[in-house]
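Coordinate-derived values only; no laboratory data. Please read all numbers here as calculations on a predicted model, not as lab measurements. Note that each Cβ is placed from the backbone with ideal geometry, even for glycine, and that neighbours are counted across all protein chains shown.
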Amino acid sequence: MKLFVRLLTLSCFLCMSLFLWACSSGHAKKAGGTGNTKENVDVDKFETLIADKDKVFLLDVRTPDEFEEEHIEGAIEIDFKERSFRDECLKKLPKDKVIAVYCRSGFRSSTASNILLEEGFNVVNLKGGITAWKEAGKPTVKQ
């Protein structure tokens, strides 16, 4: 009985460790068979990536009011909360560039990134959103 409990405990620990590793935000996620990726990155890496405007397209998925209040320079806004989000992305976003996505805290942009990944985009999501960006002292602009 003691052996069974130990094996069960060890199995649970290994399963939980595997689950946490697979869900950790530092790993790139691949869309099933498409070769497209999603990566969650910190502020410094995001800043470096978006500096290359020839390869990266900056997308703010917050509401128009949030965007007007402040945003990262060079971003376009497509409201994730709108029903037309997927269609607007397909119309406006280039598939030949990495889409760098952010929101306020990182939740909406992470979910939006998954949608973009399903649609065949390569995506980079800013962990912590524009909140983390501002806390790191990075600049924003007003509409």
*Taking amide H positions as placed 1.01 Å from N in the peptide plane, with prolines and chain starts having none, which residues 5 or more places from VAL124, or on another chain, fall under 5 Å of its amide H?*
GLU39, ILE99, ALA100, VAL101
*For an R0 of 22 angstrom, estimate the FRET efficiency from the Cβ-Cβ distance between GLU66 and VAL141 and round to the nearest 0.05.*
0.95
*asked:* In the range 103-123, whose amide N lies under 19 Å from the spot 7 Å out along Cα-to-Cβ of ARG86? List them in ranges.
replied: 108-123
_Using a Cα-Cα cut-off of under 24 Å, which lysines could be cross-linked to LYS53, ignoring same-chain neighbours fewer than 8 residues away?_
LYS29, LYS30, LYS38, LYS45, LYS91, LYS92, LYS95, LYS97, LYS127, LYS134, LYS138, LYS142
_Order by protection proxy (mean Cβ within 10 Å, highest first), peptides 71-80, 87-96, 44-53_ = 71-80, 44-53, 87-96
